[in-house]
Each structure stands twice: as structure tokens, then as C-alpha cells.
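Taking it in order: structure first as C-alpha cells, then the write-up.
The values are calculated or read from the model by the stated rules, or taken from the named source; none is laboratory data. What you see is a predicted model; the values in this text were computed from it and never measured. Reconstructed Cβ throughout: ideal geometry from the backbone, glycine too, with neighbour counts over all protein chains shown. Each accessible area value is taken on the protein alone, full model and side chains, heavy atoms only, with ligands, DNA and RNA left out. Shrake-Rupley method; radii C 1.70, N 1.55, O 1.52, S 1.80 Å.
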Amino acid sequence: MKTQDIFGQFLAIIQDKVSPILYSTWFQGLKLIKMDDKEVVIQVPLPIHKTILTTTHLEMIEETFCSLTNKNYEFIFLTSDELNI
């Protein structure tokens with residue numbers, strides 16, 4: 001399965017797990033940048049997204065990805081400034 005397909009499925013599952021406002025606030029603007037055997041790099045809109053996703057939603061993110069891939073990943077959240085985009 002292609003990484004973009006996995007990420008699309010991930011977002012669909014998250015959308016079913018959380019309220020519409022929570023999804024639109026913290027997950028809707030996420031973009032997959034890179035996914036390899038060990039890590040997943042996700043672009044976030046603002047620095048506050050990094051904070052909220054890592055402190056409040058990381059366990060759900062990890063569990064959802066693992067359910068799709070049967071693998072554990074390290075998640076790295078970066079803004080467009082940090083990615084030099």
C-alpha cells in the first residue's frame with residue numbers, strides 16, 4: 001500500500017474517532033511528508049499543532065498507524081518553516 005493511501009486511511013479513522021471540531025482544528029491540515037521503516041514526518045500548520053498532537057493525541061496517532069501497518073513508528077511533526085518550504 002502506498003504511503004499516501006495509508007495516510008488517507010489514517011485520517012479517515014481519526015475523523016471517525018474524534019469530534020468534527022477536534023478533527024478540523026488539529027488534524028485536517030496535516031500533510032504527510034515522509035514515511036520510512038522507522039519514522040513518519042508530518043507537516044503541521046502551526047507550532048501549536050505540534051504541541052497538541054504530541055501531548056494530547058500521540059497515543060491515538062500511534063495506535064491508529066499501528067493498526068494500519070502492524071508497525072510502530074516515531075512521529076515527527078514539523079511546520080513549513082522547519083521544513084524550509
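Side notes on the structure shown:
- Rounded to the nearest 10 square angstrom, Asp37 shows an accessible area of 110 square angstrom against a 1.4 Å probe.
- Note on the chain: with charges restricted to the Cβ of Lys and Arg (+1) and Asp and Glu (-1), its dipole about the Cα centre is near 160 debye.
- Computed lengthening from Gln4 to Asp16, 0.36 nm per intervening residue step minus Cα-Cα distance: 2.5 nm
- Over the chain, Cα pairs under 8 Å with separation of 6+ residues give a relative contact order of 30 percent.
- Accessible surface of the stretch 15-85, 1.4 Å probe, proportion on carbon and sulfur as whole %: 51 percent
- Taking a straight Cα-Cα cut-off under 17 Å and skipping sequence neighbours fewer than 8 places away in the same chain, no lysines fall within cross-link reach of Lys17.
- Accessible area expressed per residue, the chain, with surrounding protein chains retained (probe 1.4 Å, Å²): 61 Å²
- Reducing the stretch 1-23 and the stretch 42-60 to their Cα centroids gives an inter-centroid distance of 14 Å.
- Reachable lysines, given that their alpha-carbon falls under 18 Å from the alpha-carbon of Lys34 and they are not under 8 places away in the same chain: Lys2, Lys50, Lys71
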